[in-house]
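The values are calculated or read from the model by the stated rules, or taken from the named source; none is laboratory data. If you're wondering where the values come from, they're calculated on a predicted model, not measured in any experiment. Glycine also receives a Cβ, built like all others from the backbone with ideal geometry; neighbour counts cover every protein chain displayed. Areas reflect the complete protein model, heavy atoms only, side chains present, ligands, DNA and RNA absent. Shrake-Rupley method; radii C 1.70, N 1.55, O 1.52, S 1.80 Å.
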Amino acid sequence: MATATHDSYYVPHGTKWPIMGSIGLFLMLGGFATMLNGANAGKTFMAIGALVIITMLFGWFGQVIRESETGAYNAQVDVSFRMGMIWFIVSEVLFFAAFFGTLFYARIYSVPWLGGEGMKGVATGPVLWPNFEAAWPTNGPASVGGAFETIPAFGIPALNTAILLTSGVTVTLAHWALKRGDRSALCRWLFATVALGFIFLYFQGVEFGHAYGDLNLTLHSGIYGSTFFMLTGFHGLHVTIGALMLLVILLRSLKGHFTPERHFAFEAAAWYWHFVDVVWLGLFIFVYWL
Amino acid sequence: MSSHTAHDEHHAHDDHHHGPEPGLMRWVYTTNHKDIGTLYMLFALLMFFVGGALAMGIRAELFQPGIQILEPELFNQFTTMHALIMVFGAVMPAWVGFANWQIPIMIGAPDMALPRMNNWSFWILPFAFTMLGMTFFIPGGAPAAGWTMYPPLVLQGGWNLAFMVFAVHLMGMSSIMGAINVIVTILNMRAPGMTLLRMPLFIWTWLITAFLLIAAMPVLAGAVTMLLTDRFFGTSFFNAAGGGDPVMFQHVFWFFGHPEVYIMILPAFGVVSQIIPTFARKPLFGYESMVYATASIAFLSFIVWAHHMFTVGMPLTGELFFMFTTMLIAVPTGVKVFNWVATMWRGAMTFETPMLFALAFVILFTIGGFSGLMLAIAPVDFQYHDTYFVVAHFHYVLVPGAVFALFAGAYYWLPKWTGHMYDEKLGQWHFWLSTISVNVLFFPQHFLGLAGMPRRIPDYAVQFADWNRISSLGGFAFGLSQLIFVYVVYKAIKGGEKATDRVWEGAHGLEWTLSSPPPYHSFNTPPKVTEAEAHS
Ligand SMILES: [Cu+2]
């Protein structure tokens, strides 16, 4: 039986993946920094670093998957993995919280102050920018980036909300199928989830193209453009990561991995997917709608 | 069925590895919590001396008025890098090293819960600090806007911004992975009978520290990312012309920054709570109140951040809110100090080096706490803000606070780690020289600050000359005294009197039931924990 496991906690011996990851990160980020400062050699280092990181990811996850499939991990190791994933997701939530905090601070406090509201506004706004009237969206008193239009919530964003919510349902249906032992349903629902994820990303790309091409809404569009693209951009990156995770899970399901009792990797990817889903709801409400 | 053979294979595999791998690559590939703990601590010690060398440069420049050896631009680079290196390179990694060594052997686990990730969280650090350190050699030099990285100043430097931002990202990754490992190990790897309220205080404080890390580090990552995009990608987060606000950076930064100071000090509380009962030969007074006080401090640390910003122009309600929440922290901290003193009350005390450092911690950290209380009073802070009074305050909580607790813990557990007793006489010399010099170094800075000497400026008015000279002399003496510590550690690693398992006659806890040094795999079979051996 594939569920038979070790009686003692599995402690691996020696690993070359972390040092590889560190070297890859160093090359990639060092190269990126060099490139940002205008030296083209940075691009080469970035590319090499990215390749090293990708190799490391395949090697590291590959080894863990092999160990998992050969039953090296007992139930206690499984719990460690679960807790680890949960706290990783919590740290990601806090990363987004920084940008949501920025958005709220700008909308509730700093933009009205800039427009002269309240004790603090009286002291700064009229002195620095006497003609600025606070409003949201805004690109500030200097109209940084030029006039722009925003994307209405009930167009592509609402459609994307429906897509992501549906994908949350399909991934749950996949989980139920896995727990029933119905592998073909598992693969079908997983495929649907991954497909919805990539459709979401496609629409997001269309929306960004529209913003840049037709609405003049860009990263340069003052505080509105900054918060808009920072939040939606990082969310899109996380959707990409989540979709790739689910894609790996789909390929593993097709190969016959996972049992109705033991499928930590599936659940980890599903939790991550729900996390990007919830972040999107926050985005839809506070960035697009209100 | 196939797994049965796999099962046997793994057993066979295990049999080949009862000890460390041979050769230098052991340290690069290791997944062993003790190896990784040692790496962390040695790295932290190295960074302590790099950051210390920068501090010596700063004190040499401030030895007398006028510009002597450091041009203002370089002086600013020194203060910025000194802080970044000491905070992220010395104190934090040192505590993670303690966590690695101690958590498994104090809760009865074979190793940390996620050993490969453990390796990565260490091995990111040398690369992060290479990236940070090499900014000294790039166009524009090292970051010079202070470790707090306030825009717009920080955006006006040379090449260093991007390197600093990515170095901070790497340090954040390392800290978050380390914190996840600590939480999972403590929650999932405890020996049977080691209930939560039987855990040693060091374990409790580190568990709470790990939660702080997970909540605070991602926010710092977000803050520096916005600096990067403001500089290179045209965003206007901190640019009022585009509707942003430079003060917003300070809010995001200090939402990380204040919990960060507790990340550096809570493990110190834990270590001191281990040491005082051992050398007072009495159980810790008010164990449960210590746990709740630590948790309260951690909670409060997230709602006090703007006490660093009283002078930037906040609405009055903000000033009041952050003033009162900050002063509230004195309550749980007072509980702790009271409990340490009550533990010693009528104890059969002896004064070996760990106890001396722990006692100095209690007294000198409390001085730093009181000056913090003064700074918490918003109207008074308008006078103190950005003066040497602030420098004196946070150096009191960080040097005779966090660093002394690190020394206390190092002397306390060095016999366990190396298997040899350290040189007690040299330890005492290290203690007395450090304690005297650290006060000569930092106490006069209170006077300088109250008299109005601004921080982060290489020159000063002549009326500040005397106290600055005394402070610098204390600084040089403190720096030199630390060489004794290196020699003591070296000597204990090399040999000396064999340490017994229990090492200290009054010590309680699982780590003292293991041999000194402990076997490569700490607890292969989990011990059964009873109330008596639970916590001291
Ligand atoms: Cu603070």
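The modelled label-to-label distance between B:Lys494 and A:Ala39, using points 7 Å beyond Cα along the C-beta direction, is 4.2 nm.
For region A:50-151, the alpha carbon positions stretch 70, 31, 24 Å along the principal axes, listed from largest to smallest.
Buried on complex formation within region B:173-199 (loss of at least 10 square angstrom of accessible surface versus the isolated chain, 1.4 Å probe, ligands and nucleic acids ignored): B:Met173, B:Ile176, B:Ile180, B:Ile183, B:Val184, B:Leu187, B:Asn188, B:Met189.
Based on Cα contacts under 8 Å between residues 6+ apart, chain A shows a relative contact order of 18 percent.
The longest part of chain B holding none of the exposed loop GluC sites (Glu not before Pro), meaning those outside H, G, I, E and B in DSSP with at most 16 other Cβ atoms within 10 Å, is B:1-496. Take the protein assembly as shown with all the other protein chains still there, run a 1.4 Å probe, and you get 38 Å² of accessible area per residue. Taking the longest Cα principal axis of chain B as reference, the axis of helix B:2-15 is set at about 80 degrees. Considering helices alone, the calculated mean residue ellipticity of chain A at 222 nm is -24000 deg cm²/dmol, with DSSP H runs of length four and up weighted by -39500 (n - 2.57) and normalised per residue. Report the Rg/Rh value for region A:232-272, based on alpha-carbon coordinates and the Kirkwood definition of Rh. Computed over Cα atoms, the ratio is 1.07.
What is the percent carbon and sulfur in the accessible area of region B:30-534, measuring with a 1.4 Å probe over the protein chains and ignoring ligands? On region B:30-534, the fraction of accessible area on carbon and sulfur atoms equals 73 percent. When Rg and the Kirkwood radius Rh are both evaluated on Cα atoms of region B:87-216, their ratio Rg/Rh stands at 1.09. Computed from the C-alpha gyration tensor, the three semi-axes of the ellipsoid equivalent to region A:164-290 are 33, 13, 11 Å, from longest to shortest. The Cα-based radius of gyration and maximum Cα-Cα distance (Dmax) for chain A are 23.2, 76 Å. Our Cα-only numbers for region B:287-411 put the radius of gyration and Dmax at 16.2, 53 Å. For region B:107-113, backbone phi angles converted through the Karplus equation (6.51, -1.76, 1.60; θ = phi - 60°) give residue-by-residue couplings of 10, x, 10, x, 6, 6, 5 Hz, Gly and Pro being listed as x. Heavy-atom surface analysis with a 1.4 Å probe gives region A:1-146 a carbon and sulfur content of 70 percent of its accessible area.
At a threshold of 40 Å², the residues of region A:61-92 that become less accessible to a 1.4 Å probe in the full protein assembly than in their chain on its own are A:Thr70, A:Gln76, A:Ser80, A:Met83, A:Trp87, A:Ser91. Farthest towards the positive end of the charge dipole of chain A, among the residues A:Gln63, A:Thr34, A:Thr44, is the Cα of A:Gln63, using unit charges on the Cβ of Lys, Arg, Asp and Glu. Using the rule -39500 (n - 2.57) for each DSSP H run of four or more residues, divided by the residues of chain B, the 222 nm mean residue ellipticity is -22000 deg cm²/dmol.
Applying D = kT/(6 pi eta Rh) to the protein assembly as shown, where Rh is the Kirkwood radius over alpha-carbon pairs, T corresponds to 20 °C and eta to 1.002 mPa s, the Stokes-Einstein value obtained is 75 µm²/s.
Taken along its three principal axes, the alpha carbon spread of region B:418-536 comes to 66, 32, 24 Å, from the longest extent down to the shortest.
Candidate cross-link partners of A:Lys16 among the aspartates and glutamates, defined by an alpha-carbon separation under 17 Å and a same-chain spacing of 8 or more, comprise A:Glu67, B:Glu21, B:Asp35.
A DSSP coil position with no more than 16 other Cβ atoms inside 10 Å describes the following GluC sites (Glu not before Pro) in region A:200-274: A:Glu261. Taking amide H as placed 1.01 Å from N in the peptide plane, B:His420 has its amide H under 5 Å from the amide H of B:Ala499, each at least 5 places away in sequence or on another chain.
Which trypsin sites (Lys or Arg not before Pro) does region B:437-536 hold that lie in a coil by DSSP with at most 12 other beta carbons within 10 Å? The qualifying sites are B:Lys528.
Dimensions of region A:44-101 based on its C-alpha atoms, expressed as ranges along the principal axes with the largest first, amount to 41, 35, 9 Å. Would you check the accessible area of A:Val278, probe 1.4 Å, heavy atoms only, in square angstrom rounded to 10? For A:Val278, solvent-accessible area is about 100 Å². Simple spin-label estimate for A:Leu159 and A:Arg82 gives 3.9 nm between the two label positions (7 Å along the Cα-to-Cβ direction from each Cα). Gyration tensor over the Cα atoms of region A:1-73: the corresponding equivalent ellipsoid has semi-axes (square roots of 5 times the eigenvalues, largest first) of 37, 10, 7 Å. Near B:Thr387, the amide H atoms lying under 5 Å from its own belong to B:Arg455; only residues 5 or more places off or on other chains count, and H is placed 1.01 Å from N. Heavy-atom accessible area buried between chains B and A is around 6300 Å² (1.4 Å probe, both sides summed).
Within a straight-line Cα-Cα reach of under 26 Å, B:Lys425 can be paired with the following lysines, leaving aside sequence neighbours fewer than 8 residues apart in one chain: B:Lys282, B:Lys416, B:Lys491, B:Lys494, B:Lys498. Pairs of Cα atoms in region B:30-534 fall into 20 Å distance bins, from 0 up to the last occupied one, in shares of 23, 59, 18, 0 percent.
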